[in-house]
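First the structure, which I've put down as structure tokens, then a few questions once you've had a look.
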Ligand SMILES: NC(=O)C1=CN([C@@H]2O[C@H](COP(=O)(O)OP(=O)(O)OC[C@H]3O[C@@H](n4cnc5c(N)ncnc54)[C@H](OP(=O)(O)O)[C@@H]3O)[C@@H](O)[C@H]2O)C=CC1
Ligand SMILES: O=C1O[C@H](COP(=O)(O)O)[C@@H](O)[C@H](O)[C@H]1O
């Protein structure tokens, strides 16, 4: 007999069937079925029929109802119970709703970044922390995992670090996704990738926000309906000092750059990671971690991620609107921020 499920999980329910599922989550899960780590996958979404035309024998579909997950149907399909992992991959506004609805019906629930788009909803998830795990795939890119490990085992010493920079700059636009404002969508990754390694050495390190600038791209007559580019300036507060940082993140700029860098006081790089790894590997790694029989290490715990929500809400609320920029051009305020004594926009 095949030795299925050495993880303790045999089923995965995926809520949402958009880009992150089609390009990253689904290929990862299909591979894990082939490996025998899981047996079956059920996708849930608003569509009456699965948008995936090429279901394998291990794949099922169960549309959501006006009340959310169709628990009766999921139970009939034998998809509920402790052996089930739920991945919440809908647009952000529904993350907490589905996490709360699934709670008590399955063994583990993972929620895509950003956890929620407001502090109150995020804090309401804290009582569910025995089952609910926030996920952020940038933290699971191999170079980022290696960097975080160097901080955890003190190969990279926090005492040497004077400042940090994070870039997640893409040439592509929004495409057909329901994208969050740039602070939440990509700025989020900067905050989590700066906090996670530092927290491995200083559990009390805090995110402090100074100034945020944001803008949206225009392409011909079309203008993105959310901000698509952001520059966040802040610091990580340690017990006795601060580590200032700059995050530059967004879409439709002139050149791709995806890196996290820590510098010393002579402006030399102390440690760095390239985040240019593409495809589904980071999701595959994080799903493997979620399927592990013991307590999974998602790099940041739920309470840490709630701090990222608080930081994101604060920088979004206080963001200075720098107006529009042309698709494919990096606006000058990204590199030399606007003079706040002059009017912006
Ligand atoms: N795209 C990416 O590369 C990454 C995205 N993420 C995160 O994953 C999440 C989803 O992103 P992405 O896939 O790109 O977005 P998409 O807009 O492509 O997909 C969103 C999906 O959620 C579904 N959905 C919306 N509302 C509901 C609801 N009430 N109940 C059930 N399903 C619903 C949509 O269904 P419908 O099509 O019917 O509207 C769609 O399938 C976001 O939080 C994003 O930040 C994380 C990492 C990478
Ligand atoms: O979470 C997100 O990340 C992607 C970038 O991921 P990458 O692995 O290609 O670096 C970004 O395009 C997307 O807007 C955002 O939601």
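The values are calculated or read from the model by the stated rules, or taken from the named source; none is laboratory data. Keep in mind it's a predicted model, so treat the numbers as computed, not measured. Neighbour counts run over all protein chains shown; Cβ positions are idealised from the backbone, glycine included.
Consider the stretch 161-180. How many of its residues are assigned to a loop (DSSP other than H, G, I, E, B) and either within 11 Å of ligand 2 (Cβ to nearest atom) or touching a helix residue (DSSP H, G or I) at 6+ places or on another chain (Cβ under 6 Å) (or both)? Walk me through it before giving the result.
Let us first name the residues in the stretch 161-180 that are assigned to a loop (DSSP other than H, G, I, E, B), namely 161-162, 170-180.
Next, only the ones that are either within 11 Å of ligand 2 (Cβ to nearest atom) or touching a helix residue (DSSP H, G or I) at 6+ places or on another chain (Cβ under 6 Å) (or both) stay: 170-175, 177-180.
Counting residues in the stretch 161-180 that are assigned to a loop (DSSP other than H, G, I, E, B) and either within 11 Å of ligand 2 (Cβ to nearest atom) or touching a helix residue (DSSP H, G or I) at 6+ places or on another chain (Cβ under 6 Å) (or both) gives 10.
Among the residues of the stretch 94-123, which ones are surrounded by fewer than 21 Cβ atoms within 10 Å (Cβ to Cβ), in a loop (DSSP other than H, G, I, E, B) and within 13 Å of ligand 1 (Cβ to nearest atom)?
Selection gives 117 alone.
Only one of (1) away from ligand 1 (no atom under 16 Å from the Cβ); (2) surrounded by fewer than 15 Cβ atoms within 10 Å (Cβ to Cβ); (3) touching a residue at least 40 places away in the same chain (Cβ under 8 Å) fails for residue 270. Which number is that?
Checking residue 270 against (1) away from ligand 1 (no atom under 16 Å from the Cβ); (2) surrounded by fewer than 15 Cβ atoms within 10 Å (Cβ to Cβ); (3) touching a residue at least 40 places away in the same chain (Cβ under 8 Å), the one that fails is (2).
Can you find, within the stretch 124-138, the residue that is farthest from ligand 1 (Cβ to nearest atom) among those that are surrounded by fewer than 15 Cβ atoms within 10 Å (Cβ to Cβ) and assigned to a helix (DSSP H, G or I)?
127
Right, here's the next one. Just checking, does the stretch 65-75 include any residue being modelled with pLDDT of 95 or more and away from ligand 1 (no atom under 15 Å from the Cβ)?
For the stretch 65-75, residues modelled with pLDDT of 95 or more and away from ligand 1 (no atom under 15 Å from the Cβ): present.
How many residues does the stretch 271-285 hold that are in contact with a strand residue (DSSP E or B) (Cβ under 8 Å, 6 or more places away or on another chain) and more than 7 Å from ligand 2 (Cβ to nearest atom)? It would help to see each step written out before you state the result.
Just the residues of the stretch 271-285 that are in contact with a strand residue (DSSP E or B) (Cβ under 8 Å, 6 or more places away or on another chain), to begin with: 271-276.
Right, trim to more than 7 Å from ligand 2 (Cβ to nearest atom) and you get 271-274, 276.
Of the residues in the stretch 271-285, 5 are in contact with a strand residue (DSSP E or B) (Cβ under 8 Å, 6 or more places away or on another chain) and more than 7 Å from ligand 2 (Cβ to nearest atom).
Can I ask one more? From the list 28, 75, exactly one residue is in contact with a helix residue (DSSP H, G or I) (Cβ under 6 Å, 6 or more places away or on another chain) and part of a helix (DSSP H, G or I). Which is it? Can you show your working first?
Details: 75 fails: in contact with a helix residue (DSSP H, G or I) (Cβ under 6 Å, 6 or more places away or on another chain).
Going through 28, 75 in turn, just one is in contact with a helix residue (DSSP H, G or I) (Cβ under 6 Å, 6 or more places away or on another chain) and part of a helix (DSSP H, G or I): 28.
OK, next. Take residue 249 and tell me if it is more than 26 Å from residue 27 (Cα to Cα), touching a residue at least 12 places away in the same chain (Cβ under 8 Å), away from ligand 1 (no atom under 16 Å from the Cβ) and part of a strand (DSSP E or B).
no
A further question on this structure: Looking at 121, 116, can you tell me which residue is farther than 16 Å from residue 298 by Cα, in contact with a helix residue (DSSP H, G or I) (Cβ under 6 Å, 6 or more places away or on another chain) and within 16 Å of ligand 2 (Cβ to nearest atom)?
116
Considering each residue of the stretch 29-47, count those that are farther than 16 Å from residue 78 by Cβ, surrounded by 22 or more Cβ atoms within 10 Å (Cβ to Cβ) and within 12 Å of ligand 1 (Cβ to nearest atom), and give that number.
0
Considering only residues that are touching a helix residue (DSSP H, G or I) at 6+ places or on another chain (Cβ under 7 Å) and within 11 Å of ligand 1 (Cβ to nearest atom), which ones fall in the stretch 78-91?
To start, the set of residues in the stretch 78-91 that are touching a helix residue (DSSP H, G or I) at 6+ places or on another chain (Cβ under 7 Å) comprises 80, 85-90.
87, 88, 89, 90, listed by residue number.
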